[in-house]
Structure formats: structure tokens, C-alpha cells
Amino acid sequence: MSREGLTPSPVGWDSDRDIEAWLGRAPLDGNHTADACVVGLGGSGLAAVAQLAGRGLSVVGIDAGRVASGAAGRNGGFLLGGSAAFLHDAIARWGACAVELYRETLDELARLETVLGPRVVRRVGSIRLAGLPGAPESVAEAADREREVADCAAHAAALRAHGLAVQDYDGPLGTGIYLPDDAAMNPVRRALRLAAAVPPGAALHERTSARRVEAGRVSTDSGVISAGVVVVAVDGCLEVLLPQLARRVRTARLQMLATQPVAAERLSCPVYGRWGYDYAQQAPDGRLFVGGGRDLFAEQEWTTDAAPSVQVQAYLDGLAVRMAGEPVRVSHRWAASVAYTPDGRPLCVQVDDGVVAIGGYNGTGNLVGPVAARAAVALALDGTRPPDYLAS
Ligand SMILES: Cc1cc2nc3c(=O)[nH]c(=O)nc-3n(C[C@H](O)[C@H](O)[C@H](O)COP(=O)(O)OP(=O)(O)OC[C@H]3O[C@@H](n4cnc5c(N)ncnc54)[C@H](O)[C@@H]3O)c2cc1C
């Protein structure tokens, strides 16, 4: 890494034979009419497409870039039960509906596992560590770790109280809790597999940006898509496309890096530590995918810029060594945009007649996003009020 800036590199997940074989989808040209239009083809938009087409509607899905060119293809690949907030915190903030959301995400994970199989969804569980691997590097870190040990206990107690699986973890990485129901994936593989399997009646188009979204119409650079139902499934930068949501979501940047392979099975499952701000997954080929540090650079990370920064990447260099337990060689660095909401609940909101927007997953949207997509379709087609765990 140079001091001046970062040489852009591709996303680490894209170095994968299945992904390199993706043939792409043609851009949409001219005017089109469909029953429904979905803007954004990440994990959430693809779930909305499948839901709408499954209800017998003709659907046009568009993405400004490739399928999953946003956070859905650039994230840590953790498939975790629940929302961004740990269960005990979520219950304290929103009440019993937090448990309902937890169960919905586990159901969503089971559905994904059935559709995509074990090559994509690896049911290995996850570890929430108190602190980071290795001995604390300062008195402050040691004290923070002590507090987090207590918080892990409160977290585990909430899970047990609701019959959700959890075990204490005390192993080579440190202490914390193990959540056996969770899973890991290459997120791009997930999205491209789902895109390849959309039901008949749905047509997907890449490199097609929505410039304006109104009741009954989505304007692109080359025409208008007329559709009675529109689902906007854009997490990061949602408020850029729909400025009326500017007070309800705020975009932040999250950053990651990938390394050359490290010691096999150093991380047997996704690991997140230091209150969940830092995380790493080891792919079956031994590479580490490491992210975090946003809280340490909070002001500069409230941005719609999705390029990696020198400061956060320097932090991730050190974090990768702690996660690996050995020196690492970094191969890829990237970032992406996600949106946060004031009370931590994701958004599912009607913004115009027949137009529903979803997003604001607070950095944990791989399963919550598809749950929100189901709620969006139920709201748009049936007028069903979204559940209380979504802000509507
Ligand atoms: C570094 C990082 C690590 C993360 N780690 C995890 C994790 O491990 N587990 C987890 O659950 N969550 C994680 N998240 C959050 C998660 O990635 C997101 O919440 C989730 O991917 C959101 O998916 P989505 O489909 O709703 O939105 P996005 O992935 O943001 O997809 C939106 C799509 O819309 C397209 N788009 C945007 N504007 C337009 C437009 N005007 N017209 C057409 N298309 C448009 C974009 O190109 C994009 O493909 C992480 C996020 C990041 C950035």
C-alpha cells in the first residue's frame, strides 16, 4: 500500500472459477412494460424477483452494474441469524419482534441452503469472540475484552431463553460463543446462482441504471419501464436514488481485504470479534477474507464513496495478522456501501403508489435483506403491513 492512496484491485471473491464463468445479462434498451420492476440485483433484489415471478407476475430486474456489484457481492459472506444488533440488544430496543426476525433469518438460511446446496452455503456455524484473537495488546484492550466476555454471556442467555442454539467457546482463538446454526458463503456465488435460476417470467438486465423511480414507472438512460409494482432493493446509497428517504437511512462505507492462503483451518467458521466490528472468514482454499474497523474511523466512513481508504486498510492489515495468527500477504482490497437506520431496524416502506423500498440493514443484510424483500412483495401485492421488526 502506498502512503498516497490505494491501487484499485478487484474484489477477492471474484477470483473463483464459477464467477469468472458468468456470462452476464444484456443491458435493457428502450421502453418496456412488465407487471413488476425490481431495481437492484443484490441478494435482496434477487429474492424480490423470485417472489414476484413465483406469484405469476412478469418481472424486469435491473442493476446498474453486474448482479451483486454492490455490497451483496463484496461482503464478509457471513450468514448469521438475526439482525446487526446482538439478540439481547435487539430485544431491549424493539421488543419481542427481534426474536421473530431471528427466526425468519434462520428460515431464510434454510431456504438458501436447500436451493444452493453445500458448495455455496457452508453450514459451519460462527464464533463471536470477546475481543480479537491473541493476547490483548494494551491495558485498554484487556479491559474492553473483560466487558465483552460479560456481554457474550448476556447474548448467550438471550439465545437460550428463546430456544436458539448457542454454545460457549473457549479455544485457540480466545473465548466467546459459538452459534452452530450460522453459515458461510462466497457471496458472489450465492447471487450469481440465484440470478441464473430466476423463474420463467423474470428477465434480468445488467448495466442498466434507474435514474428516476415514480409510481408506475422507472426511468433508465434509454427508456421507461412501466410497471404497476416497483421494488427498490438498494441498500447502500438508497437515499441517493430516493431522496425522500434521506432522514431514514444514511450510507456508510465498509471495507475488506483478502489474503493469500494461510494455515489450513485456522478459522473453522466465520469469526467476528471486538463487539462484532471486526470479522474474518477463511475460504476452503485457505484464503482469509477480513473486514472491519469502521467504528474506529466513523466520521470518514459516513460516505457514499465506495473506494477503499489507506487508513482503514492499514488497520485491516494488522487485523488480518491477528486473525491469521501469522504474517499475511494481502491480495485484494475493496469496499462497498451499506445503509444504516436510526433505530437499527431495516426499512420496508411504501414511497409512492405501488413503489416499495427496502434497505438499511445496518451492515448485516445477507439474510435480513431477503426477509425484507418478502415483506415488500406482501405489502405491494396484498397490502400486508410489514412486521414490527421492519420500520415501515
Ligand atoms: C464489506 C462488507 C461486509 C459485510 N459483511 C456482511 C456479512 O458478512 N453478513 C451480512 O449479512 N451482511 C454483510 N454486509 C452487509 C450486506 O452486504 C448488505 O446488507 C447486503 O448485501 C445488502 O444487499 P442488497 O441486495 O439489499 O443491496 P446491495 O448489495 O447494495 O445491492 C444493490 C444493488 O443495486 C444496484 N443499484 C444501486 N443503485 C442502482 C440504480 N440507480 N439503478 C440500478 N441498480 C442500482 C447496485 O449496483 C447493487 O448491485 C457487509 C457489507 C459490506 C460492504
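Quick look at the values:
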| item | result |
| --- | --- |
| Among residues of the range 236-255, those that are in contact with a Ser or Thr (Cβ under 9 Å, 6 or more places away or on another chain), more than 8 Å from the ligand (Cβ to nearest atom) and in a loop (DSSP other than H, G, I, E, B), counted | 2 |
| Residues of the range 1-19 satisfying the condition of being at pLDDT 85 or above, within 30 Å of ALA314 (Cβ to Cβ) and of a type outside the set (Ser, Thr, Tyr) | PRO10, VAL11, GLY12, TRP13, ASP14, ASP16, ILE19 |
| Selection count, the range 25-52, where residues are open to solvent by less than 20 Å² (accessible area, probe 1.4 Å) and within 25 Å of ARG111 (Cα to Cα) | 15 |
| Of residues in the range 53-72 being within 11 Å of the ligand (Cβ to nearest atom) and aliphatic (A, V, I, L, M), the one surrounded by the most Cβ atoms within 10 Å (Cβ to Cβ) | ALA68 |
| Failed item, numbered, when ALA72 is tested on (1) in a helix (DSSP H, G or I); (2) over 18 Å from GLY236 (Cα atoms) | (2) |
| Of all residues in the range 259-298 being without any contact (Cβ under 8 Å) to a residue 24 or more places away in the chain and assigned to a loop (DSSP other than H, G, I, E, B), the one that is farthest from VAL121 (Cα to Cα) | TYR277 |
| Extreme residue, most open to solvent (accessible area, probe 1.4 Å), among residues of the range 351-392 that are under 18 Å from ARG247 (Cβ atoms) and assigned to a loop (DSSP other than H, G, I, E, B) | SER392 |
| Qualifying residue in the range 335-349 (condition: closer than 22 Å to GLY43 by Cα and free of Cβ contacts under 8 Å to residues at least 60 places away in the same chain) | yes |
| Flag for ARG329 being open to solvent by 40 Å² or more (accessible area, probe 1.4 Å), within 14 Å of the ligand (Cβ to nearest atom) and modelled with pLDDT of 95 or more | no |
| Near pairs, Cβ below 6 angstrom, 6+ apart or cross-chain, from the range 111-129 (on the phi > 0 side of the Ramachandran plot) to any residue that is in a strand (DSSP E or B) | GLY125/TYR178; GLY125/LEU179 |
| Inter-residue pairs, beta-carbon under 7 Å, first farther than 13 Å from VAL355 by Cα and at pLDDT 95 or above and in the range 222-237, second surrounded by fewer than 17 Cβ atoms within 10 Å (Cβ to Cβ) and among the polar types (S, T, N, Q), 6+ apart | GLY223/ASN31; VAL224/ASN31; CYS237/THR304 |
| Set ALA335, ALA320, ALA314: member being hydrophobic (A, V, I, L, M, F, W, C) and part of a strand (DSSP E or B) | ALA335 |
| Residues that are within 14 Å of the ligand (Cβ to nearest atom) and either out of contact with any Ser or Thr (no Cβ under 8 Å at 6 or more places or on another chain) or of a type in the set (S, T, N, Q) (or both), drawn from the range 352-376 | VAL355, VAL356, ALA357, ASN362, GLY363, THR364, ASN366, ARG374, ALA376 |
| Which listed residue is of a type in the set (Gly, Ala, Ser), under 16 Å from GLY61 (Cα atoms) and within 16 Å of the ligand (Cβ to nearest atom), from GLY201, GLY216, GLY228, GLY223 | GLY223 |
| Wholly enclosed helices (runs of 4 or more DSSP H) of the range 75-183 bearing at least 1 residues within 16 Å of the ligand (Cβ to nearest atom) and crowded, with 19+ Cβ neighbours inside 10 Å | 87-94, 97-116 |
| In the range 302-312, the residues that are surrounded by 18 or more Cβ atoms within 10 Å (Cβ to Cβ), of a type outside the set (A, V, I, L, M) and either farther than 22 Å from ASP16 by Cβ or touching a helix residue (DSSP H, G or I) at 6+ places or on another chain (Cβ under 6 Å) (or both) | SER309 |
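The values are calculated or read from the model by the stated rules, or taken from the named source; none is laboratory data. Source: prediction; values computed, not measured. We place every Cβ from the backbone using ideal geometry, glycine too, and count neighbours over all the protein chains shown. The area values use the complete protein model at the heavy-atom level, side chains included, leaving out ligands, DNA and RNA. Shrake-Rupley method; radii C 1.70, N 1.55, O 1.52, S 1.80 Å.
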